[in-house]
Amino acid sequence: MPETVLVTGGAGYVGSHVVVELARGGYAPVVLDNFANSTPAVLPRLESLSGRPVPWVNADLRDLVAVRRVFHDHPIAAVVHCAGLKSIDESEERPLAYYDVNVGGALSLIEVMGEAGVATLVFTSSSAVYGQAAALPVSEETPPSPQNVYGRTKRVVEDFLRDLARANANWRIAILRCFNAAGAHTTGMLGEAPRGRPSGLLSLLARVAAGELSEIQVTGNDWPTPDGTGVRDYVHIQDVAQAHLQALKWLADAHGAITQNVGTGRAQSVYEIIAAFERACGRRIGQLTAARRAGDVAACVADTKRAYEALGWRATRGLDAVCADTWKWQKSGGRL
Ligand code: WQD
């Protein structure tokens, strides 16, 4: 019997790709999602890509009664916790909502896991916990210094999980600091499908290339970087999903909490990303220089050493695949 794994946020961008990788890796995923920024339309695609039924529950993590029912109804052995709000801009405007959903949701999940005796957890954290590091690439030893509300909610949950693992040796927790997850499933069947306007650079570029948006606003070309635009580490969403699978496998023989970067180690500027996307779609992309966004940093790139040494994971896809798959997803509608 395959082990049952609950994927919170399993209908979302990261979660949906995680569900497929887990199923292909021999697990039986169950989706929990409140569809706040996703749609049940993804579920048949998850089943078809997984090659197995994918049970799902429409519930909010902060609803303890509903979450208890999920653990009662399914033989859950582990949890991958991807659910959360993820827009940096929005987090600056709605801090209460971000703490409530991201921190409150994690507390509620852990409470029910404790009651149910389920102690294996992979948590999708973010490179946003680092803020602007003094030196690049950023290793897991770099002290977190998040510069926006979103990043601070992730740091609070991380601290809580490490405290939990220190207090009780039963917990097996992997904290994955995902850098800029980008791209789409290579089949073109899954991708970022937000309810409103996308926030990630690649998704915005795809909409500009398709004529749905008039131009890309380059949010600052006066950063202290080689070409003045923001530098990031863009990691293909299927590589991100594979990191979650590897972390879960790794936890079978581990105790305590481990913190891992999930990035490629490659530094790419906004101008470089625009040029790569133009090559992938064969179109010119209109651009404007705009003001810096609140809460943004100049540069953030992963040190990938520990993830490879500990989990045996490293990204296998590069920027060309990120751009090609984002464009494929956009051409198939870019929505669910
Ligand atoms: C990338 C670069 C912008 C939009 C955060 C988190 C990360 C992940 C994604 C959650 C920056 C520039 C962007 C635009 C632009 N978290 N940009 N014009 O903010 O690096 O990462 O969100 O899921 O963990 O840290 O991602 O794609 O918004 O921005 O010029 O219209 O593109 O300034 O340099 P970010 P992003």
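A compact table of results
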| quantity | calculated |
| --- | --- |
| Test result for Arg62, open to solvent by 20 Å² or more (accessible area, probe 1.4 Å), modelled with pLDDT of 95 or more, within 24 Å of Tyr150 (Cα to Cα) and in a loop (DSSP other than H, G, I, E, B) | yes |
| Residue list for the stretch 1-33, restricted to those being more than 16 Å from the ligand (Cβ to nearest atom) and hydroxyl-bearing (Ser, Thr, Tyr) | Thr4, Tyr27 |
| Given (1) out of contact with any Lys or Arg (no Cβ under 8 Å at 6 or more places or on another chain); (2) over 13 Å from Ala59 (Cβ atoms); (3) in a loop (DSSP other than H, G, I, E, B), index of the condition Asn37 fails | (1) |
| Conditions (1) within 14 Å of the ligand (Cβ to nearest atom); (2) open to solvent by 50 Å² or more (accessible area, probe 1.4 Å); (3) within 13 Å of the chain's Cα centre (by Cα); (4) of a type in the set (S, T, N, Q); number of the one not met by Asn221 | (3) |
| Checking Gly295 against (1) at positive phi; (2) surrounded by fewer than 16 Cβ atoms within 10 Å (Cβ to Cβ), the condition it does not meet | (2) |
| Top-ranked residue in the stretch 199-213 [being within 12 Å of the ligand (Cβ to nearest atom) and assigned to a loop (DSSP other than H, G, I, E, B); ranked as least open to solvent (accessible area, probe 1.4 Å)] | Gly200 |
| Residue list for the stretch 282-336, restricted to those being among the basic types (Lys, Arg) and in contact with a His (Cβ under 7 Å, 6 or more places away or on another chain) | Arg317 |
| Within the stretch 22-41, tally of residues that are open to solvent by less than 20 Å² (accessible area, probe 1.4 Å), within 17 Å of the chain's Cα centre (by Cα) and of a type in the set (A, V, I, L, M) | 3 |
| Residues of the stretch 232-267 satisfying the condition of being surrounded by fewer than 21 Cβ atoms within 10 Å (Cβ to Cβ) and either of a type in the set (D, E, K, R) or within 10 Å of the ligand (Cβ to nearest atom) (or both) | Lys249, Asp253, Arg266 |
| Filtered residues of the stretch 177-196 (kept if touching an Asp or Glu at 6+ places or on another chain (Cβ under 9 Å) and within 11 Å of the ligand (Cβ to nearest atom)) | Arg177, Phe179, Asn180, Ala181, Ala182 |
| Elements of type strands (runs of 3 or more DSSP E) contained in the stretch 78-184, each with 1 or more residues being under 17 Å from Gly15 (Cβ atoms) and of a type in the set (Phe, Trp, Tyr) | 120-126 |
| Criterion: modelled with pLDDT of 95 or more and of a type in the set (A, V, I, L, M) - qualifying residue of Ala181, Ala193 | Ala181 |
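Quick grid of which residues meet (1) away from the ligand (no atom under 11 Å from the Cβ); (2) over 18 Å from Val218 (Cβ atoms); (3) out of contact with any Leu (no Cβ under 8 Å at 6 or more places or on another chain); (4) not small (Gly, Ala, Ser):
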position: Val270; (1), (2), (3), (4): no, no, no, yes
position: Ala276; (1), (2), (3), (4): yes, no, no, no
position: Ile285; (1), (2), (3), (4): yes, no, no, yes
position: Arg292; (1), (2), (3), (4): no, no, yes, yes
position: Ala302; (1), (2), (3), (4): no, yes, yes, no
position: Lys305; (1), (2), (3), (4): yes, yes, yes, yes
position: Glu309; (1), (2), (3), (4): yes, yes, yes, yes
position: Thr316; (1), (2), (3), (4): yes, yes, yes, yes
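The values are calculated or read from the model by the stated rules, or taken from the named source; none is laboratory data. For clarity, every value in this text was computed on a predicted model and none was experimentally measured. All Cβ positions, even for glycine, are placed from backbone atoms using ideal geometry, and neighbour counts span all protein chains on display. Each accessible area value is taken on the protein alone, full model and side chains, heavy atoms only, with ligands, DNA and RNA left out. Shrake-Rupley method; radii C 1.70, N 1.55, O 1.52, S 1.80 Å.
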